[in-house]
Amino acid sequence: MLDIAENLNRWVEQGRDFAVATVVAVGGSAPRRLGAALAVDADGTAIGSVSGGCVEGAVYELCRQALADGESVLERFGFSDEDAFAVGLPCGGVSDILVTPVRAADAGRPVRADAV
């Protein structure tokens, strides 16, 4: 999250709506560690990474959905190391990713902004 914090602060200052996807649990040889984050704004601009490419597209879509419906979601992505190798993925492991919308009009926006 720290690697995108400066950009998120700028988005908050600009009053932009965005969703943040954060790795909240990992198992096995997951590609990114706890706290890795991807954010997507209402225009579709993305910053950060939660997987190094393995599931970025799916997480991007979860962020877009969270912006549309205002709902947070916790999603699990992953394969066993053996299954990942069999289908040609560079890593195995499991990552739990929490996606949270942050809208300018939300009452909790000041609290979330302080956390960024």
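With both labels modelled 7 Å from their Cα along Cα-to-Cβ, the A25 to A68 distance reads 2.7 nm. For region 1-57, the mean projected area of the C-alpha convex hull, equal to one quarter of the hull surface, is 3.9 nm². Each label point was placed 7 Å from the Cα along the Cα-to-Cβ direction; for E61 and E75 their separation is 0.7 nm.
Near D17, the amide H atoms lying under 5 Å from its own belong to A42, A104; only residues 5 or more places off or on other chains count, and H is placed 1.01 Å from N.
Bear in mind these aren't lab numbers, they're just calculated from the coordinates by the rules spelled out. This is a predicted model, so every value here is computed, not measured. Using ideal geometry, Cβ is built from the backbone for each residue, glycine included, and neighbour counts are taken over all protein chains shown.
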